[in-house]
Structure formats: structure tokens, C-alpha cells
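This report concerns only the one structure given below.
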Amino acid sequence: MENEEKVMTGEESLKIISEMINKTKFDIRQGSFYLLFWGWLIFACSLSEFLLLKFTDVIHHYYVWLLVIPGVFVSMLYGFITGRKAKVRTYTGMLYMWIWLGFFISATVLFIVHSKSMYTVAPYILLMAGLPTFISGFLIRFKPLIAGGICFWVITLVIYFVGPVSYSLGTSVAMLFGYLIPGYMLKNRVDHDAV
Amino acid sequence: MTRFKELDPILHSQLRLAVMSLLIGIEMAEFTYLREQTGATAGNLSIQITKLKEAGYIEVTKKFRNNYPQTLCNITKFGRLKFTEYVNDLKDYLSPEKPG
């Protein structure tokens, strides 16, 4: 694009506009990292808790959830590093970040409010996780993530009616359908697009 | 005979239009990003960015990151308005209404 004073036709102008606008789409790679990271972390915690409850007599089975704390730091570090490296800040990317940050703050408040009855938190967390997942799916126009958000809401209803005995296994299933499957599909799409 | 509104000369230039089209969809972009996406040389891009800045279409912020200078560009409210006008004029130009 050197000869900037060359006379353009209307069609050429439109072509430049549409080509350039297409280049500024939100980089969805960041989305797949968070989905896979948190998907595996929560899946591991919830499944471990389920196995501890089912097959052992461990009293403090909920200690496995302490893994979430380093998880928060890893997430923050990743966000900080990628944010500093980024040469562009898209509106979709910013919206994506604020939605998930809002969810994180809501979840933290919920944990504080329910600190004395932590075992009752799971349905509320899954209910809240459904919203950013659902909206993110629309933001990046990715149907598996929209379906993932809906899965969170369906599983919330199921575990609510089945009762606390189903909370940890329900959370594992929710992570599988809500984060991990859409996360890998998103990653594959990014890798495929990059070829 | 249909009369066309003259297309904005600031925007009716390949590189300036490309820069504005990139900036319209994003909050902020680095100079190097604009250079990569447009494929322009640094010198030419710098000249066109200055023209857009002087016309009030974009804002240019200079910062330092890890001791390296960093030039950030973002579209202004006025620039957004002019871009919208340009696209509307272009639409009229490409598909003029037939006189009734």
C-alpha cells in the first residue's frame, strides 16, 4: 500500500474497508486458554472431591478447592503478560475481559457470603458461570460456547433438585460440556485458521 | 442527472482509508500493528497518520514500554463521524437513487 495518492474507484474503497475491518476481529486464542485452563482446574478439583467423598473417609475433602487460589494468580499473570504484548485493543476483547472479571468478582463475593456453608455454593456458581459463557459465545459467534452456557443452567437445575450429593460430580460434567469441549473446539478452530 | 457528493479527500486515499478502517473497529492500536496490517512502509504510514491527526480524525499518543517508544493511535469522535459520512457517500456513489 505505497501509492497512497492513487485515485481509487468506489469498489476499491469498499474492498479496503471490508478487508481492514475483517483484520480487527477479536483474537479468540485468549478465550480458548482461559476455557481450557479453568475447565481442567475445576474439573480436577470437583472430580477429586467426588472421588474422595465416594471412596474415602477424608473429612476435609473440600481442601482440593484451594487449588483455585494459585489458579487465580496464573490467570492474572497470563492476562498481564498477553495484555502487555498486545499491539491492539479491540472492543470485543475489552468486553470479553470485563464480563469475566465481573463473574470473578461475583464468585468471590458469593464465596465470602457463603463461607460458613461452602458446600451449598456449587449451584449458584454454575448458575453465574452460565451467563459469561453464554454471552462470550455470542461475542465471538461460537455456537458450542453458547451451548456450553446453556449446559451450565441445565446442570444447575439438575443438581439443585438431586441435592448436595450430586454437586461435585455435576460440576465436573458442567466443566466438560461448558468449558472443555467448547475450549478444545475453539482451539482447533484457531489452529485450523492459522494453517 | 444524479449529482454525487464529493468524497472526503482525507479519507479517499488508500492508506489513510485503510488506517481509519482498522481503527474504526478497535479501541486502540500500536503503530507497528497498523504497519503490519496495511503492509505500508514506516515512513509512508507516519506521513499519513500525521495527516489524519492534523485533520482531527485520529489521536496519537506516545509512550514508553520497556524503555522502547510506543506510538498508540485511536479514532476520535469527529473521525468516526467523518468515516460514517464517507461510507454513506460511497453507498450513494455506488448505488445512486434513480430519479422518480
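Observations
- Residue in the range A:50-58 that is surrounded by 14 or more Cβ atoms within 10 Å (Cβ to Cβ) and touching a residue at least 24 places away in the same chain (Cβ under 8 Å) present: yes
- Set side by side, the residues B:Glu59, B:Glu85 differ, and just one is of a type in the set (D, E, K, R) and in contact (Cβ under 8 Å) with a residue 24 or more places away in the chain, which is B:Glu85.
- Any hit, the range B:40-55, residues being in a helix (DSSP H, G or I), within 8 Å of chain A (Cβ to nearest Cβ) and touching a residue at least 12 places away in the same chain (Cβ under 8 Å): yes
- The range B:56-68, residues that are exposed (fewer than 15 other Cβ atoms within 10 Å of the Cβ) and either in contact with a Cys (Cβ under 7 Å, 6 or more places away or on another chain) or more than 14 Å from every other protein chain (Cβ to nearest Cβ) (or both): B:Gly56, B:Val60, B:Lys62
- If you go through the range B:73-96 and keep only what is outside any helix (DSSP H, G or I) and modelled with pLDDT under 85, you end up with B:Ser95, B:Pro96.
- The criterion of being touching an Asp or Glu at 6+ places or on another chain (Cβ under 9 Å), modelled with pLDDT of 90 or more and among the small types (Gly, Ala, Ser) holds for B:Gly39.
- The set of residues in the range A:88-122 being in contact with a strand residue (DSSP E or B) (Cβ under 7 Å, 6 or more places away or on another chain) and either surrounded by fewer than 16 Cβ atoms within 10 Å (Cβ to Cβ) or among the hydrophobic types (A, V, I, L, M, F, W, C) (or both) consists of A:Val88, A:Tyr91, A:Met94.
- Candidates in the range B:8-26 are the residues that are within 8 Å of chain A (Cβ to nearest Cβ) and assigned to a loop (DSSP other than H, G, I, E, B); of these, the one that is surrounded by the fewest Cβ atoms within 10 Å (Cβ to Cβ) is B:His12.
- Verdict on B:Gln70 being in contact with an Asp or Glu (Cβ under 8 Å, 6 or more places away or on another chain) and in a strand (DSSP E or B): yes
- Tabulated pairs, the range B:27-38, first under 14 Å from A:Lys23 (Cβ atoms) and at the interface with chain A (Cβ under 8 Å from one of its Cβ atoms), second part of a helix (DSSP H, G or I) and among the small types (Gly, Ala, Ser), C-beta under 6 angstrom, 6+ apart or interchain: B:Thr38/B:Ala18
The values are calculated or read from the model by the stated rules, or taken from the named source; none is laboratory data. All figures in this text were calculated on a predicted structure; none of them were measured in a lab. Heads up, the Cβs are rebuilt from the backbone with ideal geometry, glycines too, and the neighbour counts pull from every protein chain shown.
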